[in-house]
Amino acid sequence: MKTCFLIFTYDKGGKPYVPVIFHALLFAKEMKEKGDDVKIVFEGEAVKWFDELLKEDHPLKSHVEALKDNFIACEACSNMFGVLDSIKGKIKIENDLHGHISLKKYLDSDYKVIEF
């Protein structure tokens, strides 16, 4: 199975909304461990997660390490939210659609898209 987790959410009430990222990573990790092809796309304010997730002491570090090669960041949003420079060379960055990620590319490649 090919699945693309599309994450838009970063905060709720001014704080990082951990239940969203936790469950997205939990489900993606399970699928990857069972042999599925998984992509985790960060669009909009969700790119702000990288400042948290890439910290050495982050509670979700084991999930992040297992999935980091599957992360894809929107270039335009990463630039707009000020994280582009800090993720270059660490996270795959895409910009196929006017600086954003092309979901059509993934849909055309038979990925199922799940939005968080």
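Odds and ends about this structure:
- Count - residues of region 56-91 that are in a helix (DSSP H, G or I) and buried (at least 17 other Cβ atoms within 10 Å of the Cβ): 10
- Count - residues of region 1-22 that are in contact with a helix residue (DSSP H, G or I) (Cβ under 9 Å, 6 or more places away or on another chain), under 17 Å from Phe50 (Cα atoms) and hydroxyl-bearing (Ser, Thr, Tyr): 2
- Test for Val47: is it touching a Phe, Trp or Tyr at 6+ places or on another chain (Cβ under 9 Å) and touching a residue at least 60 places away in the same chain (Cβ under 8 Å): no
- With respect to the conditions (1) over 12 Å from the mean Cα position of the chain (by Cα); (2) under 16 Å from Glu115 (Cα atoms); (3) at pLDDT 95 or above, Lys32 falls short on a single one, namely (2).
- Members of region 1-55 that are β-branched (Val, Ile, Thr) and either in a helix (DSSP H, G or I) or exposed (fewer than 15 other Cβ atoms within 10 Å of the Cβ) (or both): Val18, Val20, Ile21, Val47
The values are calculated or read from the model by the stated rules, or taken from the named source; none is laboratory data. Since this is a predicted model, take the numbers as computed values, not measurements. Cβ: placed from backbone, ideal geometry, glycine included. Neighbour counts: every protein chain shown.
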